Structures are given as structure tokens and as C-alpha cells.
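*Asks:* Submitted below is the structure of interest, expressed as C-alpha cells.
The values are calculated or read from the model by the stated rules, or taken from the named source; none is laboratory data. Bear in mind the structure is a predicted one, so any value in this text is a computation, not a measurement. Quick note on the areas: whole protein, heavy atoms, side chains included, nothing else; ligands and nucleic acids left out. Shrake-Rupley method; radii C 1.70, N 1.55, O 1.52, S 1.80 Å.
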Amino acid sequence: MKRICFGFLILIFMAPFAHTAHAADDNHEASDMLITANQVYAEVERIEADVLSIMKSRKRASTARIKTIAAHFKPRHVWQKTYEVLVKINIFRRAENYPTISVSALEPTKTLHPKMLFDQSQRILTELNLIKLRLNIQHSSPTPPVRKLTGKTSNDVYALLDKVSNDLDSLIGYGFTPSDVFSQAIRLNSDIELILQALDVTDDSFPPLKHKNSQPADAYRAAMQLLQTVNRLQRFLSIDVSDFSGLKKDTIRPADVFELIGLINAELQPIKFALSLPYARTPASKHYEAKIPADVEQLIGWSNNRLQQVHSSSL
């Protein structure tokens, strides 16, 4: 089995690219910092209003509330929540026999600034406006003006986006399915494959056994184990580690697994950047059907087995 000296590889592999990649990241910082969480939150309020307008036109009532989430979210995690919202907009479009859009991914960065979240909020507003136009409610239910706010944080933005995501479930009539979650686990597995290739680690892993009676809680537990493996790699690369232990719940739905996979995906991006993969976007999701929690648990477990090959020999 081919193994590497991790530290030596990073010094050799990153040397030609590190200065250029970090300089490019820093060049955007000055302009990006003009946008704060306050402006992003104000835009998400407008998103919420548009979703509620669409729900009202379909006689769907909102039962979602803004919840306090026990975690410290960074902008990269908030971006994943905007991705989740766009995925649900796609599901609504499909249910309406309206062509779907490609939900894109960002190129990996060392630090994701609020400006990128502002940009993403405008994409969401554009998509919602197109739906309102299709439903002929754009004039009767205009998007409200932007409010001037203070004191908002990434956690506030994440919590409001989470409420919007739950409202979209009410609009669509159902939440994420295991097939939706499986498509995200595939994207995660692709990123891990890129990381192994960058580290020149031969992949001798194999998927764990499939437990046909698995439930979403089993897939969630597997994702938490994968997150711990990712955290170990982050610590070795001197990347800030996020604590998501407060997300644990008594009852786990496919949506909770989808959310955790998204957070893991966000944690992989600075790893990819540190390994001089600044242009390696996470691939777009594909459509799957008839997947069950056992498929999701097995795929996540395989991703963990693959990534642990780095840790077992190098950390």
C-alpha cells in the first residue's frame, strides 16, 4: 500500500502555488469586507417574504420558527445553507413541471467572506422572482425593500435561512428524501477522492456492509464520524475546526443528514485550498431515485474509510 510522508508532501506540493493562491484570496478581502452579516440578513428577510408570498398564493401556511442553533457558524456554513435553499427551489420547480437549474458550487477558498453570501442571496431572489412571475403574483406581492440592521451574525443568517428552508418544505408538501441526501453524499465522496489524489494516497478502501434496516439516525451517526475524521485533518493543516456537536437531536430526519453533509462539505473546502486545489469545485449533484437510508449510511461510511487512510499512516 502506497503511503506518504504527509508533511514533506505538503511542503513540496504547495510551494509553487501557495503564494499565488493566498495572494488571490487576500486581494478580494478588502472589497469583500464591505459587506457584513447585517446586509446579508436583510437580504434573507426579503427571501423569506418572497417564499411566504408564494406559499400564500398556494394556500400553504407557515409553521416554521427561527430556532437557536447550538453551533458557531462561519460564512462558509451559511453558504451551504443557501445551497440547500436553492436545491429546494429546484425541487419546487420540478414539481411544477418547470425546468430545473444547476445549483453551482464555489471554488475552494481559505476564508469565505460575506460578499459571497450577499451574491448568493441575489441568486435566490432572482429565482423566486421568476417563480412569482410564473404564478402571476410579482405585482400583488412585491419583494419588500431592504431594512437597515445592526448586530447580526452568521448564526442569525443561518437560523433565518433554516426557517426559509422549512417554509419551502411546507410549500412543496414534503422535505428531503434519502435520494436527495444520497446525491449530496456522492458529492462529498468526490471531494474526498480529490483530496486523496492530491496527497498521492492509494485508495485501498472498500465500502462497509449495508444494513438494510438502517434509519436516518444511522446515516447521521456515520456523518458525525466522518466529520471527526475531517476535523483531524483540519487540525494537522492548522485549519480552524468547527464544533457541531450541539446539532445532535433525538429525532433525525433525512433533512438533518442533508444539513450535516453540507456542513462537512463546507469543512472540506479550506482543506482543498490548503492542498493547492483552488479550482476544484465540488461537482454538481445528480438526480437519484429509490435510495434508502442504508444507501446513504454505506456511502458516508465508505467516504470515512477512504479519508482515514490518510490519518492511519500520516497523522
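*Asks:* Quick one: order 139, 77 from most to least accessible surface, probe 1.4 Å.
*Replies:* 139, 77
*Asks:* While we're looking at this one, here's another question. Using only Cα atoms, tell me the angle between helix 75-95 and the longest principal axis of the chain; keep it within 0 to 90° and round to the nearest 10.
*Replies:* Between helix and principal axis, roughly 60 degrees.
*Asks:* Quick check: the angle from helix 154-172's long axis to the longest principal axis of the chain, C-alpha only, nearest 10 degrees?
*Replies:* Tilt relative to the chain: about 60 degrees.
*Asks:* How big is the C-alpha Rg of the chain next to the rule-of-thumb value 2.2 N^0.38 Å, as a ratio?
*Replies:* Taking the Cα Rg and dividing by 2.2 N^0.38 Å, one obtains 1.02.
*Asks:* Contact order normalised by length for the chain, with contacts defined as Cα pairs under 8 Å and 6 or more residues apart; what percent is it?
*Replies:* 33
*Asks:* Something else now. Considering only protein heavy atoms, what per residue accessible area in square angstrom results for region 172-275 with a 1.4 angstrom probe?
*Replies:* On a per-residue basis, 42 Å².
*Asks:* Tell me the volume per residue, in Å³, of the convex hull enclosing the alpha carbons of region 78-119.
*Replies:* Given the Cα convex hull of region 78-119, per-residue volume reads 66 Å³.
*Asks:* If you roll a 1.4 Å probe over region 125-224 with all protein chains in place, what percent of the accessible area is carbon or sulfur?
*Replies:* Using a 1.4 Å probe with all protein chains present, region 125-224 comes out at 53 percent carbon and sulfur.
*Asks:* Under Stokes-Einstein, with the Kirkwood radius over Cα pairs standing in for Rh, what whole-number D in µm²/s applies to region 192-315 at 4 °C and 1.567 mPa s?
*Replies:* Using the Kirkwood radius from Cα pairs, D works out to 85 µm²/s.
*Asks:* Once you have all Cα-Cα distances for region 99-211, histogram them in 5 Å bins from zero and send the whole-percent values.
*Replies:* Pair shares across the bins are 2, 6, 10, 17, 18, 15, 11, 9, 5, 3, 2, 0.
*Asks:* Still on this structure: At a probe size of 1.4 Å, how large is the accessible area of residue 243, to the nearest 10 Å²?
*Replies:* For residue 243, solvent-accessible area is about 100 Å².
*Asks:* Report, to the nearest 10°, how far helix 6-27 tilts away from the longest principal axis of the Cα atoms in the chain, using its own Cα long axis and a range of 0 to 90°.
*Replies:* 30
*Asks:* Below 8 Å, C-alpha to C-alpha, sequence gap of six or more: please give me the relative contact order for region 80-239 in percent.
*Replies:* About 29 percent, as a whole number.
*Asks:* Which whole-Hz couplings ³J(HN,Hα) result when phi for each residue of region 192-199 is put into the Karplus expression 6.51 cos²θ - 1.76 cosθ + 1.60, θ = phi - 60°, listed in order with x for Gly and Pro?
*Replies:* 5, 4, 4, 5, 4, 5, 5, 8
*Asks:* Something else about it: Order 224, 55 by their accessible area, 1.4 angstrom probe, all chains in place, largest first.
*Replies:* 224, 55
*Asks:* Across 10 Å bins from the origin, how do the percents of Cα pairs in region 40-80 run, short distances first?
*Replies:* Taking all Cα pairs of region 40-80, the binned fractions are 22, 44, 28, 6 percent.
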